[in-house]
1. Please list the equivalent ellipsoid semi-axes of region 6-87, computed as the square roots of five times the alpha-carbon gyration tensor eigenvalues, in descending order and whole angstrom.
2. In a Gaussian network model over the chain where Cα atoms closer than 10 Å are linked, find which of N155, N74, N46 has the largest mean-square fluctuation.
3. Rounded to the nearest 5, what is the percent of antiparallel bridges among the DSSP beta bridges in region 46-176?
4. Could you work out how far apart the two model spin labels at A158 and H115 are, taking each label as a point 7 Å from the Cα in the direction of the beta carbon, and quote it in nm?
5. Top mean-square fluctuation among A158, A63, A49, Gaussian network model of the chain, C-alpha springs under 10 Å?
6. Near the amide H of L165, under 5 Å away, which other amide H atoms are found, from residues 5 or more places off or on another chain, if H is placed in the peptide plane?
7. If I build a Gaussian network model for the chain, linking alpha-carbon pairs within less than 10 angstrom, which residue out of T38, T128, T88 has the largest mean-square fluctuation?
8. What are the ³J(HN,Hα) couplings of region 164-175, residue after residue, when phi is run through the Karplus curve with 6.51, -1.76, 1.60 and θ = phi - 60°? Round to Hz, x for glycine and proline.
Amino acid sequence: MATVQYIQVGKLQKAHGLKGELQASIDLYDPDILAEATVLFVEVKNAYAPYFVESIKINGSKAIILFDEMKDVNQANTLRGQILYVSTEHFPAIQEDESWQYDDIIGFTIIDKIHGKLGIIEDVFETTGQDLIAMIYKEKEVLIPIVDQIILKVNKKAKSLDVQLPDGLLELYLQE
């Protein structure tokens, strides 16, 4: 029997509304993968406690989650700040090699499909409109949107991020 692995997928932020829903930040490359989740886990005293999902609404890297047992804002607030996990047993679509969080990629090398090696990821900015990767290229800060069309592959072993930048993005930042 295979060992169950738990993979961090996000963090519960705060209660949302009065009916027990929670706002969460989702730290997956493709947050929509959680849209069909039926159970999520929270670490409690070195064990993973299951919370069954009544509903989950994904909007970019944010989610509104209602767990079966949460019926009001007070119950929801008991989970505020907790880290969310999935198990590979309940959610085999997410594997450790395929999942990554923003903190994981700081220091990774960015390799563009056309331009080759560009630079090192200095930081990741989470904004309301678009999450961005910051790197230094030719002594200028370049911001790269975190979207499926640009981010092709995250290679944890090689500590690299394969991208296909839109035409003109680098040139835009290099203008004086």
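1. Semi-axes (√(5λ), whole Å): 17, 15, 11.
2. In this elastic network of the chain, the residue with the biggest mean-square fluctuation among N155, N74, N46 is N46.
3. The antiparallel fraction comes to roughly 85 percent.
4. 1.8 nm
5. Evaluated over the chain, the most mobile residue of the options is A158.
6. K113, I114
7. Greatest mean-square fluctuation among the candidates belongs to T128.
8. Going residue by residue, I get 10, 6, x, 3, x, 4, 4, 4, 4, 7, 8, 5 Hz, with x marking Gly and Pro.
Any read-out appearing in this document is the output of simple, stated calculations on the displayed coordinates, not a laboratory observation. Please read these numbers as outputs of a predicted model, since none were measured by experiment. Cβ: placed from backbone, ideal geometry, glycine included. Neighbour counts: every protein chain shown.
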